[in-house]
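Visitor: First the structure, then my questions, so here it is.
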Amino acid sequence: MGTEATGTQKSNLDIPIITVSMDESAPKRVRFEVEELPAGLGISKAEEDKELTSEDMTESSTQTADGGEEGEKVEEQNKSDANDPPELRYMLPKLDDVENIEGYQLGGYHPVTIGDIIGGKYKVIHKLGFGGFATVWLARDTEAQQYVALKIIIADSSEEAEQRDLKALKHLERNVDRPGGNFIDIPIEDFWITGPNGKHLCIVSEVAGPSIAHLTRTYMTKISLQDVRRMALQLTQCLAFLHSDGVDIGHGDLTTSNVLLELGRLDHLPQEKLLGILGEPVAAKVRPYTNKTLEPGAPKFVYQPADLTKLSKFYTGNITIIDFGSSFSLYDIPEECGTPAQFCSPELILNNKNGGESDLWALACTIFEMRAGEPLFECFFRGEEDVLVSMTAVLGPLPEIYLCEEKWTWLQDETGDGEQLLEEKVLSIRGGGSEDEKSALYDLLQKVLRYEPEGRLTADEMLRHPWFSCNFQSNNYTKV
């Protein structure tokens with residue numbers, strides 16, 4: 001294999017230093033968007049007793065009319081209550097990039113405050129991210145004196161995560177010495193905690209950088225061709241490892257959100273120095289929606305995730321693959337799917353047919369987004385329907401076998417332009433790369449993005465494609 005896409009080269013990835021808008025007069029510790037508070041999260045009694053004003057309140061479509069006719073039947077009231085939307089418990093925070101705070105309830109998120117000690121030794125110093133099923137925190141192991149990523153899963157999903165996510169990772173850990181296995185995020189440890197919202201599984205991993213999705217979608221970063229080819233090669237090597245004999249695992253959620261930049265060790269940095277690079281945590285106070293006090297399961301504050309692009313100088317040039325919560329054995333394939341619609345194969349959307357071939361489809365979509373800086377298939381408000389329309393426009397009409405169910409017959413009118421639009425999309429990618437390189441990428445993608453699952457290149461076959469190995473500047477590329 002050629003040297004241009006090797007997995008050991010250092011990166012020339014040009015990541016801009018994105019800074020969060022800061023008020024120079026704000027405290028130099030945790031900055032609060034709702035109000036200025038003293039350093040160290042102290043809140044005065046006056047603030048605790050402060051009455052919420054009408055300006056602080058947010059109108060809600062879930063509010064019900066006052067009163068009702070006397071003598072209304074109890075069963076009618078119960079029926080009305082059952083049809084009402086759930087009542088809001090918290091006011092919307094003045095931070096956009098935070099988890100749904102209504103998820104802080106029994107069975108939901110575990111409330112965390114900066115400075116908390118989790119699991120007896122992990123001191124929380126910043127927030128790394130969040131999802132619908134977990135929050136992730138930057139913590140310091142006070143015993144080993146190292147920085148870690150601490151993932152705290154919502155209570156209702158913790159048992160399932162232990163059975164699926166951890167089970168798959170422990171199986172993979174026994175095989176990571178194989179080629180491609182080194183790109184998988186293997187946990188350092190896991191443990192359980194009990195909080196006001198239930199029992200939560202905690203998974204401790206090494207700290208990684210931003211995801212490809214954050215680079216391309218949030219920061220609109222254009223990744224260099226050299227870095228794209230190297231990362232795409234590593235990702236394909238990792239999928240070949242997962243699908244190899246004896247491993248036999250489907251990832252089930254292979255997207256740009258689950259491909260992170262690997263970081264070198266940060267442990268030599270004092271906490272003050274690391275926070276000086278990342279910036280102090282930005283917090284907003286959580287307020288009850290009414291004048292009631294906060295529920296026991298509510299956090300005092302919510303936090304904006306750190307801007308991990310600020311750690312770009314610690315990038316090793318490698319990637320790390322995360323989130324095996326939707327993984328499955330290739331010998332026991334489930335019908336359900338955790339893959340976002342833009343990365344779903346047609347058989348997964350239309351026939352609920354999952355499998356290793358769907359991983360390959362998602363891999364091709366991921367490689368395109370890494371190279372182009374935008375998703376291959378468009379998705380707006382209709383989710384899967386939008387993706388299917390975009391899919392037929394890019395790849396041509398779907399085979400009849402996919403349109404048997406009545407709810408999909410409308411797709412027969414979506415004819416598309418065959419592979420011509422795929423080629424056009426690839427050849428029109430901006431930001432460097434020769435025509436030969438783009439032609440090679442098109443050749444690779446069109447051999448994976450086949451409607452018939454059995455017609456797709458395997459990950460092993462993809463690794464032998466010249467897009468990964470040729471030096472296109474020397475004009476030695478020949479289509480295969």
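Visitor: Report the local net charge at M370: Lys and Arg +1, Asp and Glu -1, summed over other residues whose C-beta lies under 12 Å from its C-beta. The partial results should precede the final answer.
Guide: On the way: positive: R217, K222, R229, R230, R371; negative: D227, E369, E374.
Counting the neighbours of M370, the net charge comes to +2.
Visitor: Here is a follow-up. Taking segment 274-333 on its own, what percent of its Cα-Cα pair distances exceed 15 Å?
Guide: Summing the P(r) of segment 274-333 above 15 Å gives 72 percent of all pairs.
Visitor: How do the peptides 428-434, 363-369, 394-400 rank, highest first, by the average count of neighbouring beta carbon atoms within 10 Å per residue? If you can, show how the numbers build up before the last one.
Guide: Details: 428-434: 12.9, 363-369: 25.4, 394-400: 17.0.
Ranking the peptides 428-434, 363-369, 394-400 by packing returns 363-369, 394-400, 428-434.
Visitor: Ranked by Cβ crowding within 10 angstrom, fewest neighbours first, how are L235, L138 ordered? Walk me through the intermediate numbers first.
Guide: Values: L235 24, L138 27.
Fewest-to-most ranking of L235, L138: L235, L138.
Visitor: Quick check: from the Cα gyration tensor, does segment 295-368 come out rounded (a/c under 1.5), prolate or oblate? If you can, show how the numbers build up before the last one.
Guide: Values: a/c = 2.54, a/b = 1.43, b/c = 1.78.
Oblate.
Visitor: Based only on other Cβ atoms within 10 Å, what is the fewest-to-most ordering of L449, L266?
Guide: Least to most surrounded, the residues fall as L266, L449.
Visitor: Related question: Only counting other Cβ atoms within 10 Å, I'd like C379, C238 sorted with the fewest neighbours first.
Guide: Values: C379 17, C238 25.
By the 10 Å Cβ count, ascending, the order reads C379, C238.
Visitor: Along the principal axes of its C-alpha atoms, what lengths does segment 131-222 span, in descending order and rounded to whole Å?
Guide: On the principal axes, segment 131-222 reaches 43, 34, 30 Å in Cα extent.
Visitor: Would you tally the net charge around E335, using a Cβ to Cβ cut-off of less than 12 Å, leaving E335 out, and scoring K and R as +1, D and E as -1?
Guide: Working: positive: K353; negative: D332, E336, E347.
Spelling it out: positives minus negatives among the neighbours equals -2.
Quick note: the coordinates plus some simple rules give every number you see, no bench work behind them. These figures come from a predicted structure and were not determined experimentally. Using ideal geometry, Cβ is built from the backbone for each residue, glycine included, and neighbour counts are taken over all protein chains shown.
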